[in-house]
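Okay, structure first, notes after.
The values are calculated or read from the model by the stated rules, or taken from the named source; none is laboratory data. All figures in this text were calculated on a predicted structure; none of them were measured in a lab. As a convention, Cβ positions derive from the backbone with ideal geometry for all residues, glycine included, and neighbour counts pool all protein chains shown. The accessibility values were calculated without ligands, DNA or RNA, using every heavy atom of the protein model including side chains. Shrake-Rupley method; radii C 1.70, N 1.55, O 1.52, S 1.80 Å.
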Amino acid sequence: MKKPKDSQKNMFPHSEAKVQLLQKYLEKYFLILSHSLSIKKIYLYDLFCGPGLHENDGIGIPLVILDEIGKILSSNNDKETTFECLFNDLDTEKIESLKTHISYNKHYQNSSNIKFFNEDYNQIIKQVIATANKLKFDEKAFIFIDPYQYKNISFNDIKSLLKTGKAEILLFLPTQFMFRFASNGTPESLINFIEELVPYKEWPQSKTGFNFIENLKLHFKNAIGDRYFVDTFIIKRDAGQYFCLFFFTSNIYGFEKMLETKWEIDKSEGSGWDYEPSGNLFCGTVKSARTLQFENELAKYLMNTPKSNKEVYEFVLHGSHLPKHANDVLRDWQENGSLSVLDSSGNPARKKSFYLAYEHWQKNPAKVTMELK
């Protein structure tokens with residue numbers, strides 16, 4: 001067997017960032033679904049699960065998933081939610097290690113129904129897609145894909161999962177290596193990956209690893225359309241080295257919760273994580289360029305074209321921002337007289353009332369219309 005890389009045996013700070021993002025999101029995700037009367041069962045998949053506990057005691061994704069499930073099940077919750085976990089890794093030693101770590105802790109054992117597999121990714125993903133297609137109206141699935149290599153990852157598989165309307169996917173891609181190869185002798189596996197999105201000759205040149213991520217996100221968006229949502233969590237490991245988690249969902253509320261998680265971690269830009277040798281996990285550098293870009297894009301969107309609160313809510317989330325960010329901008333425009341906000345009868349709406357929230361998106365989609373003059 002090929003000797004595993006040190007990054008597969010130990011957990012480094014950039015890997016800890018992945019784990020913390022997932023932990024914070026699952027905390028929200030499970031709480032929402034466990035309180036929903038319409039959801040009775042949640043399936044969790046980690047398709048490259050690893051050993052669970054790394055040699056340097058770094059806690060892996062499977063144990064984080066089980067820990068968050070355990071918190072929900074031990075809380076005072078009248079509604080019964082059941083969980084089923086599938087942990088897969090082609091490396092038998094890693095699966096056996098994970099089984100051992102779980103067996104030593106009753107908290108993990110009792111948190112859910114757990115299944116273990118030693119399948120090749122190309123086989124297990126077919127099973128996951130087939131299961132997702134058969135999920136009932138009261139069931140949901142969350143799939144985490146953190147491949148050791150990206151060569152077997154197919155965007156068509158992501159689309160197939162999204163089309164079920166029951167799945168959310170968190171995909172980690174080693175975008176720095178992909179960018180490096182794209183700039184210097186592109187391998188066939190990367191060409192095949194890109195051509196699922198756009199003809200390779202049309203792929204824009206990326207000057208930096210960050211540009212490569214932005215290009216990838218744009219083409220993911222174009223490929224799935226406005227009905228679905230995609231966003232990034234960028235992990236800057238070293239100077240100029242960018243890796244990335246991509247989140248995909250058809251559920252707008254789940255997407256908002258992921259955006260909230262990102263902005264909790266990166267309060268200034270909601271972009272991602274920077275490694276600080278000082279030991280601080282998340283960087284607190286003040287940034288503003290992304291916020292200014294969002295304000296300009298929102299202005300173009302509302303310029304001389306009335307938009308409903310439902311339309312603005314969707315635009316804000318697709319722009320990787322939260323309703324509270326848009327509300328701050330809209331209030332300023334309303335105060336200086338440049339923004340018109342009318343109710344459903346065509347009369348001026350109550351000041352500072354923009355109705356940018358999921359409940360209004362769902363129940364009052366045309367509560368007001370907004371137009372920037």
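Taking the criterion of being open to solvent by 20 Å² or more (accessible area, probe 1.4 Å), under 22 Å from residue 228 (Cα atoms) and among the hydrophobic types (A, V, I, L, M, F, W, C), the only residue of segment 173-202 that qualifies is 197. Does segment 280-294 contain any residue that is over 26 Å from residue 19 (Cα atoms), under 21 Å from the mean Cα position of the chain (by Cα) and modelled with pLDDT of 90 or more? Checked against the condition, which is being over 26 Å from residue 19 (Cα atoms), under 21 Å from the mean Cα position of the chain (by Cα) and modelled with pLDDT of 90 or more, segment 280-294 yields at least one hit. Going by the conditions given, is residue 357 in contact with a strand residue (DSSP E or B) (Cβ under 7 Å, 6 or more places away or on another chain) and at pLDDT 95 or above? So residue 357 fails the test. When 327, 296 are checked against the criterion of being open to solvent by 80 Å² or more (accessible area, probe 1.4 Å), in a helix (DSSP H, G or I) and either aromatic (Phe, Trp, Tyr) or out of contact with any Cys (no Cβ under 9 Å at 6 or more places or on another chain) (or both), a single residue qualifies: 296. Take segment 252-269 and flag every residue that is at pLDDT 85 or above and not acidic (Asp, Glu). Result: 252, 253, 254, 255, 257, 258, 259, 261, 262, 263, 265. Applying the criterion of being touching a helix residue (DSSP H, G or I) at 6+ places or on another chain (Cβ under 6 Å) and open to solvent by 10 Å² or more (accessible area, probe 1.4 Å) to the residues of segment 34-48, the residue that is nearest to residue 127 (Cα to Cα) is 45.
Within the set 179, 172, 212, 220, the sole residue that is under 17 Å from residue 147 (Cα atoms) and either among the charged types (D, E, K, R) or modelled with pLDDT of 90 or more (or both) turns out to be 172. Residues considered: 112, 74. Of these, the only one that is modelled with pLDDT under 95, small (Gly, Ala, Ser) and loosely packed, with under 12 Cβ neighbours inside 10 Å is 74.
Here's a check for you: in segment 141-168, which residue that is open to solvent by less than 40 Å² (accessible area, probe 1.4 Å) and hydroxyl-bearing (Ser, Thr, Tyr) is nearest to residue 84 (Cα to Cα)? Top of the filtered list is 164. Tallying residues that are open to solvent by 10 Å² or more (accessible area, probe 1.4 Å), in contact (Cβ under 8 Å) with a residue 40 or more places away in the chain and not in a strand (DSSP E or B) within segment 299-321 yields 7.
The set of residues in segment 93-106 that are assigned to a helix (DSSP H, G or I) and either among the aromatic types (Phe, Trp, Tyr) or open to solvent by less than 70 Å² (accessible area, probe 1.4 Å) (or both) comprises 94, 95, 97, 98, 100, 101, 102, 103.
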